[in-house]
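Worksheet for the structure shown next.
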Amino acid sequence: MGGFPGCLWRHRLASSGEQVEWGAQLSTLAKKVLGVGSAVVVLGVLIGLYVASWATSQPNTIVASAAPPPSGGTQLTLETVAAIGPKYEPSHPDWVSYLVRKDNKWIHSTIYSVPANSVVHVTLYQYDGDSGLRNPFLSQVQGTVGETETVDGKTINSIPPEEASHTFVIPQLGVFVPLPGVPEEAKNQCEFAPCEGAAHRTITFSFRTGKKGRYRWQCFVPCAAGYIDGFGGPMQTLGYMDGFINVV
Amino acid sequence: MAAETHPGTPEPNHARRFTALWVISSLIATPLVIFLLGPSLPPGNGSEQASGHVTDNTVLLAMATPVLLLVVIYLIYASIFFRQPKGGVLEGPAVRGDSRVQTAWVVITSVLVLSLAAYGTVRLLADNGAGSGSGPKPLTVPKGPKLPVQVIAQQWAFTYRYPTYGGVETTHLELPDNEMVELHVTSIDVIHSFWAYKLGVKADANPGVDNIAFVKPTHEQSFEVRCSELCGIWHGYMFDKGHVVSPAAFETWIHEQQTKFAPATKVLPPYSKTYSPEPTRRAE
Amino acid sequence: MSTTAAAASTPQPIGRPLWRKLIGFNLLTAVILGVGGYYLGWFIGHQISGKSFEFQTATDENDVALLLAYFFGVVGFLIGLGFANYPVSRLLGKPASLREKEEQGIGRYFGLCTDHKVVGIQYLVGIGLFFFIGGLNAMLIRTELLHPVPTFVGPNQYLSLVGMHGTMMMGMMTSGILGPFANYFVPIMIGARRMAFPRIEALTFWLLMAAGFILVSTIFFGGFPTGWTGYEPLNDQAVMGMDSYICFFALVGLSMCLLGLNMMATIITMRAPGLTWSRLPIFVWSVFATSVLMVLAAPMLIATLLMAALDRTISTSFFVAGGGGSSYLFENLFWFFGHPEVYILALPGFGIVLELLPVFTRKPLWGYRLAVSGMLGVSLLSFFVWQHHLFVSGINADLRPFYMLSTEIISVPTGFIFLCFMGTMWKSRTSFTVPMLFCVAWAFNFLLGGLSGVFLSDSPSDTDTHGSFFVMAHFHYTIMGGLIFTFFAGIYYWVPKMTGLRFNERLSKIHFWSMFVAFNSTFLPLFVLGMEGMPRRVSTYSPSLQALNVWVSISAFVLGLSMLVFLVNAVYSLIFVRLRAESNPWRSKSLEWQVPTPVPVNNFEQIPVFDSDPYDYGTPLTVGGAPATAGA
């Protein structure tokens, strides 16, 4: 931009004779255009900043805490709820969601950070009822330590597909864990997150992380009410039924 | 012809010079493209279909090279020799067309295009769809035994079902070497597309449609499977590694899978061309 | 309404007090009524659908409300601009208002104006605005693709950015040349004083502006995941942001259809005496061919989107396999529109190139009839090729040889355009001015686009390239290389006529060369990436492709900077320095350069009479060959 002022001056000289014809009328026009133009630029920058902040907004990354001494590795404590509730998400109170526990608080995030080449112990409180799997194949546990999970203390390697409420699946790590739902007849069903005290199932499993990387995880149960195939809305919005596992 | 830039120097015979330039460079470049670039063209020789695509790509590139050279050399030639001198106000010759050139161009391009279409048709039919999804009833089917493998696409993973092995379903695709495979691609939700790039196979997975593609791997290898039709949030993460192994190793592997996935196989619906699981429309 | 309409019919806006001006029919009232309409629609939508459709409440979303809000918002916006004044005053038996054309000064650029020259400039600025928004989306996409895993933008937002970029460009830029240049110059070129339907002409522009803001508003409703193709059933599955896409494209379709009708009517009925079809400027022919496509293709789009909207709102099942519909149906209907659509984008570019060539080569257009038949051939054939977008889908697989043939035959008429290009340049005296450079760049870009299209049209070879970055590179070469380059050729060529001002030569050349080099450096490697197995619309790719992706991203940023050079040039040359243009800087013989600058409101004092086409260049010189223009 260094050469511009001189350039500008020269052109002014060169065209000064010709400018007379349009001169007076145009300079006011120029002022108006400039005024409008700078307003547009300021507005544009503001809109640009808004768009950039929208595009880059993601749930906070939750670092898994160290597991209690005998087991080693790290601990993730999760829960699934049928409705996230107005306290967490006023715009989508009815959406189904995962939550994660950090410092004794339930946080609405699905991006977790775990160390590479280690064991991650997951404790999952399942507060949602069953919806059934679209592909019953995914009712079998795969890729966890021992290829099993424990549901309310019972160790199993598959569940009846129609009882699935959600799944916790990291396809690139080969981890497939079906999560059976709370029976419909159970009393004290949870309404909104956080559901502490309501009817639930406690599910635990462990998996090994591999190489460093950013892996996605998701639910495979058609649990998004009102959407085609049950796979819209919360099933396709980061922070509800999808997330990242950052292996660092 | 009437417009002479410099009255002293005679106008060179542009037509002859340009034609010579083009013909010579095409004669040099086209063999280079065929013999040097051709063998290294994608998608490689992972399967008979992939090798066929390499041939097709080479043929198309060989046909495209002279056309590319014609226009590019023309543009360079014209911008060197057909310039207006600085500040000049010269006019070009007032020629409005040449019916012989125009007719020749129409005939040549038409012949070129028709032969391309004929070539493509022959290749498509001769190779039974050339690895692309050919619908539920392919026009041509390869002779001999075929291993049927079903690809079930869902948001957002592919799973594979082997109907001739008790309908076992697996998370990874494994194929025996040197055997014709009949892929039945279907979806249980939105449109996906099964793409095994190194095998030269691509077939869309539509809900309620059994899309058949044939592929015959030619050596043992691992290959990447990707989804190539936008299918939602994890479209980019819908990839998976597959393997081509020896027929013996394949038998061992598939029996391992039958044992491993016995609990899941028990609850699977019977093998079918397509599936429409609950909820068929909106979830409650 | 009756009193305001009566007030509006008084052609004396200058003497009004300020408050009266503010509540007249202008952009302010348009925005107020638009916002009002939006909330009215939102309210009605919640009243009627909150209770009747369970799924609307189950999803925490209300598509009915949003679609009605958009509908009433657009209607309010148009009424606020004054589009209802004319029909209402006629219905009430009052004299029609002519205010729209009589207002002078800069204000008329910000409201309903039926002067085709004002509409042309409105289009240029309005379309340019959305072009830059679409471009910024591309910058964000390329920033994300610096990494092989999603890091910078979220996965939902990435898909929304891809969709917004594609939809904005494919929707807005359909009128990229017809909007500014055809509206401005077709009436002048054919010796008419106005377009056939001036109010419809203004309507097409304001519909497009409303549509643009609706598309951008998708980010308030969660964006949409489908890309510009909007495939079902993903479309049905998507959150409310999808309704913005549907509404945007339907409005664009309406605008396109009306624009095409208007152009056809104008070109058929309003040519000056002596302007026979064989004397029509080639640009007007290209506009005509494009208009035919617009009128025939756009209604299909509107109907398809209406079906999609019904599927989403009242749960019909046009496209849902589980309800008896088919995902193929959407693909078929969409591409029946979608393929003509890409020629809607490409054809006006052909027209601009062939229109500018004779001026800069100082030769008549070589092979005029061939060029016309090429354009008409392309538009006719473009309706017979749509299933080449579905070669691997399994639909009508037996028809693939036919679609292969029809697709490859399209390269014959396209080849005519190249022959005319080369014939016109042959033994010419070409001045390589900035518009001419853009035309030459068009030839190179479109050639690469066309030749890569051969790989896609060949069904066996398409198995590798379908849905990959190869396709993306291909259509950026044809659309960006074909349309945007000619768009800039048109800007550099015609803006001196439209404004009486010219661009700084050096900055223009910097803009051209940086754009041309960065464009090729961005999109050539994409062919390789596609061939190496990178699918479209992903934010996750194989780490081995990262080096090439980083190269592409950096080139894309340079391409973005070259657009900034253009903006700087425009602001610097047209606003700060105000370089006065000569009255006919290119020594063109076309009629638009023979009328005074600025062009009078009615273009001509007397309707001109044509005795030749406008390509009377070259020796032997035929002085006075240009059509006589009385009053010029």
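Going by the structure shown, is C:G449 in contact (Cβ under 8 Å) with a residue 24 or more places away in the chain, within 14 Å of chain B (Cβ to nearest Cβ) and touching a His at 6+ places or on another chain (Cβ under 8 Å)? Yes. Pairs meeting the criteria (first residue in region B:168-192 and open to solvent by 10 Å² or more (accessible area, probe 1.4 Å), second residue among the acidic types (D, E) and in a loop (DSSP other than H, G, I, E, B), beta carbons under 6 Å, at least 6 apart or on different chains) are B:D177/B:E220. Residues satisfying the criterion are absent from region A:211-218 (criterion: in contact with a Lys or Arg (Cβ under 7 Å, 6 or more places away or on another chain), without any contact (Cβ under 8 Å) to a residue 60 or more places away in the chain and either surrounded by fewer than 24 Cβ atoms within 10 Å (Cβ to Cβ) or outside any loop (DSSP other than H, G, I, E, B) (or both)).
Among the conditions (1) more than 14 Å from chain A (Cβ to nearest Cβ); (2) buried (at least 24 other Cβ atoms within 10 Å of the Cβ); (3) modelled with pLDDT under 95; (4) out of contact with any Leu (no Cβ under 9 Å at 6 or more places or on another chain), B:A196 misses just one, which is (4). Annotation: C:S461 fulfils all but one of (1) free of Cβ contacts under 8 Å to residues at least 12 places away in the same chain; (2) more than 14 Å from chain B (Cβ to nearest Cβ); (3) crowded, with 24+ Cβ neighbours inside 10 Å; the unmet one is (2). B:T55 falls short on exactly one of the conditions (1) crowded, with 18+ Cβ neighbours inside 10 Å; (2) at the interface with another protein chain (Cβ under 10 Å from one of its Cβ atoms); (3) under 17 Å from the mean Cα position of the chain (by Cα), and that condition is (1).
In the set (1) farther than 16 Å from C:F469 by Cβ; (2) of a type in the set (V, I, T); (3) more than 13 Å from every other protein chain (Cβ to nearest Cβ), C:T522 fails one condition alone, (1). Within region A:203-225, identify whether any single residue is modelled with pLDDT under 95, facing another protein chain (nearest Cβ under 9 Å) and at positive phi, and answer yes or no. Yes, some residue in region A:203-225 is modelled with pLDDT under 95, facing another protein chain (nearest Cβ under 9 Å) and at positive phi.
Residue by residue, here is whether (1) free of Cβ contacts under 8 Å to residues at least 40 places away in the same chain; (2) more than 7 Å from chain B (Cβ to nearest Cβ); (3) out of contact with any Lys or Arg (no Cβ under 6 Å at 6 or more places or on another chain) holds:
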site: C:I352; (1), (2), (3): no, yes, yes
site: C:W386; (1), (2), (3): no, yes, yes
site: C:H389; (1), (2), (3): no, yes, yes
site: C:L405; (1), (2), (3): yes, no, yes
site: C:S411; (1), (2), (3): no, no, yes
site: C:I417; (1), (2), (3): no, yes, yes
site: C:L437; (1), (2), (3): no, yes, yes
site: C:A441; (1), (2), (3): no, yes, yes
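Restricting attention to region A:118-156 and to residues that are among the acidic types (D, E) and in contact (Cβ under 8 Å) with a residue 40 or more places away in the chain, the residue that is farthest from A:G181 (Cα to Cα) turns out to be A:E149. On the stretch given as region C:54-68, residues that are out of contact with any Asp or Glu (no Cβ under 6 Å at 6 or more places or on another chain), part of a helix (DSSP H, G or I) and either of a type in the set (A, V, I, L, M, F, W, C) or closer than 17 Å to A:P86 by Cα (or both) total 6. All of C:G166, C:G171, C:G179 fail the test of being away from chain A (no Cβ under 13 Å), assigned to a helix (DSSP H, G or I) and open to solvent by 10 Å² or more (accessible area, probe 1.4 Å), apart from C:G166. I need the full set of residues from region C:100-128 which are assigned to a helix (DSSP H, G or I), surrounded by fewer than 23 Cβ atoms within 10 Å (Cβ to Cβ) and modelled with pLDDT under 90, in order please. Selection gives C:K101, C:E102, C:I106, C:G107, C:R108, C:Y109, C:F110.
Residue-wise test of (1) under 29 Å from C:G134 (Cβ atoms); (2) at pLDDT below 90; (3) acidic (D, E); (4) in a helix (DSSP H, G or I).
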{"site": "C:T540", "(1), (2), (3), (4)": "yes, no, no, no"}
{"site": "C:V568", "(1), (2), (3), (4)": "yes, no, no, yes"}
{"site": "C:Y572", "(1), (2), (3), (4)": "yes, yes, no, yes"}
{"site": "C:I607", "(1), (2), (3), (4)": "no, no, no, no"}
{"site": "C:D616", "(1), (2), (3), (4)": "no, yes, yes, no"}
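When C:Q546 is tested against (1) polar (S, T, N, Q); (2) open to solvent by less than 40 Å² (accessible area, probe 1.4 Å); (3) modelled with pLDDT of 85 or more, exactly one condition is not met: (2). Any chance region A:51-58 includes a residue that's touching a residue at least 24 places away in the same chain (Cβ under 8 Å) and not in a helix (DSSP H, G or I)? Taking every residue of region A:51-58 in turn, at least one turns out to be touching a residue at least 24 places away in the same chain (Cβ under 8 Å) and not in a helix (DSSP H, G or I).
Select, from B:A126, B:A153, B:A104, the only residue that is more than 9 Å from chain C (Cβ to nearest Cβ), among the small types (G, A, S) and either in contact with an Asp or Glu (Cβ under 6 Å, 6 or more places away or on another chain) or in contact (Cβ under 8 Å) with a residue 60 or more places away in the chain (or both). Unique residue meeting the criteria: B:A153.
Are any residues in region C:391-401 in contact (Cβ under 8 Å) with a residue 24 or more places away in the chain and of a type in the set (G, A, S), and if so, which ones? Passing the criteria: only C:S393. Taken residue by residue, region B:148-160 has no member that is β-branched (V, I, T) and in a loop (DSSP other than H, G, I, E, B).
Rundown of residues vs (1) in a loop (DSSP other than H, G, I, E, B); (2) without any contact (Cβ under 8 Å) to a residue 12 or more places away in the chain; (3) over 16 Å from the mean Cα position of the chain (by Cα), yes/no style:
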| position | (1), (2), (3) |
| --- | --- |
| C:T218 | no, no, yes |
| C:G230 | yes, no, yes |
| C:D236 | no, no, yes |
| C:F248 | no, no, no |
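Scanning region C:207-223 for residues that are within 13 Å of chain A (Cβ to nearest Cβ) and surrounded by 22 or more Cβ atoms within 10 Å (Cβ to Cβ) gives C:G212, C:L215, C:T218, C:G222, C:G223. Residues that are surrounded by 20 or more Cβ atoms within 10 Å (Cβ to Cβ) and among the acidic types (D, E) were ranked within region C:33-63; the one that is nearest to C:G80 (Cα to Cα) is C:D63.
Mind checking which residues of region B:102-141 are open to solvent by 30 Å² or more (accessible area, probe 1.4 Å), aliphatic (A, V, I, L, M) and in a helix (DSSP H, G or I)? The answer is B:A104, B:V106, B:V107, B:I108, B:V111, B:L112, B:L114, B:A118, B:V122, B:L125, B:A126. Among the numbered conditions (1) under 16 Å from B:V190 (Cα atoms); (2) within 12 Å of chain A (Cβ to nearest Cβ); (3) open to solvent by less than 40 Å² (accessible area, probe 1.4 Å), the only one that B:Q257 does not meet is (1).
Note on region B:69-97: among residues that are assigned to a helix (DSSP H, G or I), crowded, with 18+ Cβ neighbours inside 10 Å and at the interface with chain C (Cβ under 7 Å from one of its Cβ atoms), the one that is nearest to the chain's Cα centre (by Cα) is B:V71. Scanning region C:530-561 for residues that are among the aliphatic types (A, V, I, L, M), farther than 22 Å from C:S160 by Cβ and within 12 Å of chain B (Cβ to nearest Cβ) turns up C:M531, C:L545.
The values are calculated or read from the model by the stated rules, or taken from the named source; none is laboratory data. All of these numbers come straight from a predicted model, not from anything done at the bench. Cβ atoms come from the backbone with ideal geometry, glycine included; neighbour counts cover every protein chain shown. We work out accessible area using only protein heavy atoms, side chains counted, and drop any ligands, DNA or RNA first. Shrake-Rupley method; radii C 1.70, N 1.55, O 1.52, S 1.80 Å.
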